[in-house]
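Below: the structure, in structure tokens.
The values are calculated or read from the model by the stated rules, or taken from the named source; none is laboratory data. In this text the structure is predicted, and so the values were computed from the model without any measurement. Counting neighbours? That spans all protein chains shown, and the Cβs are built from the backbone with ideal geometry, glycine included.
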Protein chains: 2
Amino acid sequence: MISVDEALRHVLDHSFPLASTSLELSTALGCTLAADVTSDIDSPPHDKSLVDGYALRTSDLGGANTQFKVLEEVTAGEMPSCKVTSDSVTRIMTGAAIPEGADAVVMLEETEARDAGTVLIRRSALPAGSNIMRRGTSLCRGDTVLQAGVTIRPLEVGLLSEVGRSQVLVQEVPRVAIVATGNELVPSDHRPESGQIRNSNGPMLTALVRSSGARAVDLGIGRDDHDILAQLVTEGLQSDVLILSGGVSAGVLDLVPDVLKATGVKQVFHKVNLKPGKPLWFGVSSPQGQTLVFGLPGNPVSGFVCFELFVRPALDRLAGRTASTAVRRRFRLACDHTHRGARPTYHPAAWEESVDDQPATAKPLAWRGSADLRSLTACNCLLVLPSGDYTLGAGQWVDGLVI
Amino acid sequence: MISVDEALRHVLDHSFPLASTSLELSTALGCTLAADVTSDIDSPPHDKSLVDGYALRTSDLGGANTQFKVLEEVTAGEMPSCKVTSDSVTRIMTGAAIPEGADAVVMLEETEARDAGTVLIRRSALPAGSNIMRRGTSLCRGDTVLQAGVTIRPLEVGLLSEVGRSQVLVQEVPRVAIVATGNELVPSDHRPESGQIRNSNGPMLTALVRSSGARAVDLGIGRDDHDILAQLVTEGLQSDVLILSGGVSAGVLDLVPDVLKATGVKQVFHKVNLKPGKPLWFGVSSPQGQTLVFGLPGNPVSGFVCFELFVRPALDRLAGRTASTAVRRRFRLACDHTHRGARPTYHPAAWEESVDDQPATAKPLAWRGSADLRSLTACNCLLVLPSGDYTLGAGQWVDGLVI
């Protein structure tokens, strides 16, 4: 059986960024930039005032309470029309352009307006450049301001707006089809009969796909029947990724690997040395990885762990992200924890920041088998526990994958 | 001037959870549960097998290689029809119901199928209960499985599906109107003329609102004209929250406070002892806080900081979230940092996890004035620096607000 690292390498080796597409900026939040972005402007576009006050020549401040003639008033969006000279100043507002001749702005609070267009400056001296932000301080025309691969957050939306990118070239968002398989499944708005359970994997995986920024196509429940599954798989292969849940173990109705083979999907690996999630199946519909196909175990916790370990990194790669959305962090164990078994385990846990300057702690969740979704809702990380039989004491360091 | 804590208390004192509404589960990702959720089922619904194998009576395992008659084959979704007796077993698949009489399941790998409906069990003994998950282990009918105030993540979507909540009662999502004010502003698809800049605040705030799970209504640019602004404010007061950007300082065209007063918005506070963001204005359109109105400073960094400190917690409260989405964390400074000034500062910084078992470090960003959006795109936290003139050494602890 291959290791988690080998399996992930296989998955990533078949995952390539999708094509790029032009989107309106207002719909591009969360997308990945597909090309570097350069500025078409200087920012600020002119020397500008950082305060409300008076623009003046600092060499003319001979002593306190000098009186000056007010040439004009300039607000943001206007350009000054007069040159500031030795006996004159310009009333200026925050963000407005500094008039010719002036080399500083004195704050309104240090002045006193007189009638007949004059003002008293109480300040006796001021360093040149005071309260002025020079043209191009923040960015210059031609500068690369954002690089391909960056995720567009609200701050990037602001910067892209500033440099005029109301349309942006982004990576296409991956399209992911989801099929939950199993004769025992009924939709969540049905009352289960004897032996039946409601389909929780389909909706959970659909939500996981959406929360990772991809587009989800929920194809519903596939009965354990070769023809029905083959039809759903064929439909799912229209997407960039197809996720099947269930049907990958050794049971008599675990038809998924055979159905995938029959529909032309080439197996890359089946089974990973991992707990939970051992039966994971992965393949591609063409050598170029046209559609990535994940056969996830049917148990909800196993499916969740496999999504976080393998599907999410693949979606990041398809979306062209340079930084993975999967965050690793070290925690101190909040309590003793005993591990048993020959497989490395990804154990659901709840972590929290500590109140003082201590490291964050993580508490492994009581875990009543891999079908226990209720306990799992307390989970916000997976602890990475090596194989073997051992007990870790409270306070020991453990690796975790933050959810 | 009031402190940040006082200002936040005023904001929260006027913020009340919105009404609840029923949504289809598939559209409720990220919403807040408005009522406790109880289970209408036991999970598992019957004692079930955790493996593929044979259900048997452990008392009948006398020694290795005992041969048994196979009564029937039960897959998930079917109910067994035969009772297991001393010389018989039932072939059973993962998830299927345990037949009457059986008290354990032996794994397929420890058996050998014989022809004529018999099987050899290689195992000589097995504890009762092995590989069986008891009915109701995960949840019992009537149990409260999720509490009001919880945010619906993918895991909660799974659990809600399991207990049949295809419709869920959630808090209404806040509706937030956004107006960017200023004569100097042009839309981001325009080429700025002399003295003009593109509107970056409107798109950035719209994206911030969306990323906090609320619905944004971008009302565009408001010129610095009393009637134009009054009309936009009146339109914005149809929403749960109105955010104005710019026009709240002491300039001659800073009309926002007057316009808000004229349109019946009651001021709660104006100005906060904070850098950047001092000119912040906050008010409500009725004593019951029907619409919360934030007048944010026009500088992008100031507006961003005020959004994170005051608007986001208000949106959390309106959305009924019990846990704030604003995460505080302690960092070690990555380098020396000098602070000057009488106002507490929220300094943009970049933090990262350390590679070893050391605490995460944060590096304050070079900050060329509060209009510098380009530097801000490297920001993923705000360091909380108390007022005063001092230098903190590399390695010292600082509080941060994770973005």
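Overview of values
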quantity	calculated
Subset of segment A:369-403 that is surrounded by fewer than 17 Cβ atoms within 10 Å (Cβ to Cβ) and of a type in the set (Asp, Glu) - its residue that is farthest from A:Ala7 (Cα to Cα)	A:Asp389
Every residue from segment B:243-262 that is more than 27 Å from A:Leu50 (Cβ to Cβ) and in contact (Cβ under 8 Å) with a residue 24 or more places away in the chain	B:Ala262
Filter result for the condition that a residue is outside the structural domain of B:Gly247 (by TED's automatic domain parsing) and hydrophobic (A, V, I, L, M, F, W, C), over B:Leu296, B:Leu309, B:Leu292, B:Leu333	B:Leu333
Test: A:Asp316 is of a type outside the set (Ser, Thr, Tyr), under 27 Å from A:Val150 (Cβ atoms) and either buried (at least 18 other Cβ atoms within 10 Å of the Cβ) or away from every other protein chain (no Cβ under 14 Å) (or both)	yes
Residue check for A:Leu108: of a type in the set (A, V, I, L, M) and more than 7 Å from chain B (Cβ to nearest Cβ)	no
Segment B:299-324 residues that are free of Cβ contacts under 8 Å to residues at least 60 places away in the same chain, paired with ones that are assigned to a helix (DSSP H, G or I) and not acidic (Asp, Glu) (beta carbon under 7 Å, 6 or more apart)	B:Ser324/B:Pro313
Residue selected from segment B:219-246 under the condition of a type in the set (Gly, Ala, Ser) and assigned to a strand (DSSP E or B), by the criterion surrounded by the fewest Cβ atoms within 10 Å (Cβ to Cβ)	B:Gly220
Residue, nearest to the other protein chains (Cβ to nearest Cβ), within segment B:355-368, restricted to residues that are free of Cβ contacts under 8 Å to residues at least 60 places away in the same chain and surrounded by 13 or more Cβ atoms within 10 Å (Cβ to Cβ)	B:Arg368
Odd one out for A:Lys69 among (1) under 25 Å from B:His190 (Cβ atoms); (2) in contact (Cβ under 8 Å) with a residue 12 or more places away in the chain	(1)
Selection status of B:Lys275, at positive phi, among the charged types (D, E, K, R) and in contact (Cβ under 8 Å) with a residue 60 or more places away in the chain	no
Pairs, first outside the structural domain of A:Met204 (by TED's automatic domain parsing) and more than 16 Å from A:Thr361 (Cβ to Cβ) in segment A:376-401, second buried (at least 21 other Cβ atoms within 10 Å of the Cβ) and acidic (Asp, Glu), C-beta under 6 Å, six or more apart	A:Thr377/B:Glu156
Output for segment A:6-42, where each listed residue is in contact with a Gly (Cβ under 7 Å, 6 or more places away or on another chain), outside any loop (DSSP other than H, G, I, E, B) and over 16 Å from A:Ala314 (Cα atoms)	A:Leu33, A:Thr38
Extreme residue, modelled with the lowest pLDDT, among residues of segment A:324-371 that are more than 25 Å from A:Pro313 (Cα to Cα) and of a type in the set (Gly, Ala, Ser)	A:Gly369
Members of segment A:109-140 that are among the basic types (Lys, Arg), farther than 21 Å from A:Gly95 by Cα and surrounded by fewer than 19 Cβ atoms within 10 Å (Cβ to Cβ)	A:Arg114, A:Arg122
Residue within segment A:248-261 that is among the polar types (S, T, N, Q) and over 19 Å from A:Leu185 (Cβ atoms) present	no
Positions within segment B:368-393 being among the β-branched types (Val, Ile, Thr) and in a loop (DSSP other than H, G, I, E, B), in sequence order	B:Thr377
Condition met for A:Asp143 (of a type in the set (D, E, K, R) and farther than 30 Å from B:Ser39 by Cα)	yes
Strands (runs of 3 or more DSSP E) (entirely within segment A:258-353) containing at least 1 residues that are within 29 Å of A:Gly182 (Cβ to Cβ) and among the hydrophobic types (A, V, I, L, M, F, W, C)	A:266-270, A:281-284, A:292-296, A:345-352
Some residue of segment B:51-70 being under 24 Å from the mean Cα position of the chain (by Cα), under 23 Å from B:Met133 (Cβ atoms) and assigned to a loop (DSSP other than H, G, I, E, B)	no
Test: residue in segment A:59-74 that is under 30 Å from B:Asp218 (Cβ atoms) and either buried (at least 16 other Cβ atoms within 10 Å of the Cβ) or within 11 Å of another protein chain (Cβ to nearest Cβ) (or both)	yes
Any hit, segment B:332-339, residues being surrounded by fewer than 18 Cβ atoms within 10 Å (Cβ to Cβ), in contact (Cβ under 8 Å) with a residue 24 or more places away in the chain, within 14 Å of chain A (Cβ to nearest Cβ) and charged (D, E, K, R)	yes
Answer residue from segment B:81-102, given it is facing chain A (nearest Cβ under 9 Å) and in a loop (DSSP other than H, G, I, E, B) and is nearest to the chain's Cα centre (by Cα) among those	B:Gly95
